[in-house]
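In what follows, a single structure is set out as structure tokens and then discussed.
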Amino acid sequence: MFKKTITRRTFLKSTTAAAMGCFAVGTLHDGAIPAQSTEGSTGNKKPVFHIGALDSVLSGDDRLSWEQAFHRAGELGFEGMELGVGKDYDQTELWNPEGRRRLRGISEAAGVLTPSICLHSYWTYSFADANEAMRARAVRLAREAAVAAREMGAGNILLPFTNPGSVEAGLARERWIAGMKESAPAAEEAGVVYCLENVGTSFADKPEDILAIVDAVGSPAVKVYYDAGNAVSSGYDPLHAITLLNKRIGQVHVKEVRGHSLGDGIVPWPKIIQALRDIGYSGWFMLETDSTKDPETAARKNLETIRRLLR
């Protein structure tokens, strides 16, 4: 993510050495899990979190189909799976009604929800692009994704803060605000939330910049997809960011830095989880961990770790 030509996939590998969607604008989708809490002996309510995984975490080098990945997720005990689409997003099952119906059936059969969709596509089609036609394509992509998410029962849509042409930071920021303002009504109408992810790009890396962008858009359908691993890789304090971003955090990615498995690296996950509890976060923890050469074993190990940390 720090090099001009880097992709999301290579950034994930470099940083790992790698609904409850939201209550989206008054609508709770089929894929979202209602907020729950448990009451301890002191009478303090404690949120019950939900754990999912990005499809590539489950698939890795096994190159599973979405159907196979859903079943692996169910067998391992994940509650949800995040579906990711890339440059050729419109060629996938997720981009046509019949395909979405089939995926919903597979999801239900596996007992695994689809709380979110990840638009890797924004590494190609970005609101920051110098080409006006590409920016228009980014808006169209966001609008179409809102429809796909609604029909899949997904509450959240991940959009990484990309700047493929490395335009000046201030201009990139302005274009992202404009693009999100143009796209947000589609999410509001569909009852889903665009969650913007910090991915190491200079215009939206500092939590203060992320906050400024989300607040400038000013839509209840635009929040933050917070990635503490990416923040640590960029040299930022995730505890400060969580406190600052607060209720604007719609979903959380979970990964490790300088380690293949959770707990093996430098991301302070126990403190991060406590910080999220402190702001009242009760959404999904979505694994974006290193799939390694044995993705099934790696996913099982990381699921056990995050479950233990969330107790």
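No value in this document is a laboratory result; all are computed from the given coordinates. Here the structure is a predicted model, which means the values were calculated and not measured. Positions of Cβ are backbone-derived with ideal geometry, glycine not excepted, and every protein chain shown enters the neighbour counts.
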Per q in 0.08, 0.09, 0.16 Å⁻¹, report the Debye log10 I(q)/I(0) for the chain, using one uniform scatterer on each alpha carbon and no solvent.
-0.30, -0.39, -1.40
Any idea how far the Cα center of region 264-311 sits from the one of region 95-129, in Å?
22 Å
Cα radius of gyration and Dmax for region 91-186 (Å)
14.8, 47
Magnitude of the Cβ-charge dipole (Lys and Arg +1, Asp and Glu -1) of the chain about the Cα centre, nearest 20 debye, reported as 360 debye
Tell me, Leu303, Leu211 in order of fewest to most beta-carbon neighbours within 10 Å?
Leu211, Leu303
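By count of other Cβ within 10 Å, fewest leading, how are Ser116, Ser282, Ser126 ordered? Could you put the intermediate results ahead of the total?
Working: Ser116 35, Ser282 20, Ser126 28.
Least crowded to most crowded, the residues run Ser282, Ser126, Ser116.
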Please state the shape class of region 192-272: rounded when a/c is under 1.5, otherwise prolate if a/b exceeds b/c and oblate if not, all from the C-alpha gyration tensor.
prolate
Here the net charge surrounding Ile306, from other residues whose Cβ is less than 15 Å away from its Cβ (Lys, Arg +1; Asp, Glu -1), is 0
Helix-only CD estimate at 222 nm, as mean residue ellipticity for the chain, using -39500 (n - 2.57) per DSSP H run (n ≥ 4)
-13500 deg cm²/dmol
Tell me, what is the FRET efficiency for Glu108 and Glu168 to the nearest 0.05, using R0 = 41 angstrom and their Cβ-Cβ distance as r?
0.30
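Is the C-alpha gyration tensor of region 228-280 telling us rounded, prolate or oblate? Criteria: a/c under 1.5 is rounded; beyond that, a/b larger than b/c is prolate, otherwise oblate.
Values: a/c = 2.08, a/b = 1.71, b/c = 1.22.
Note, shape of region 228-280 comes out prolate.
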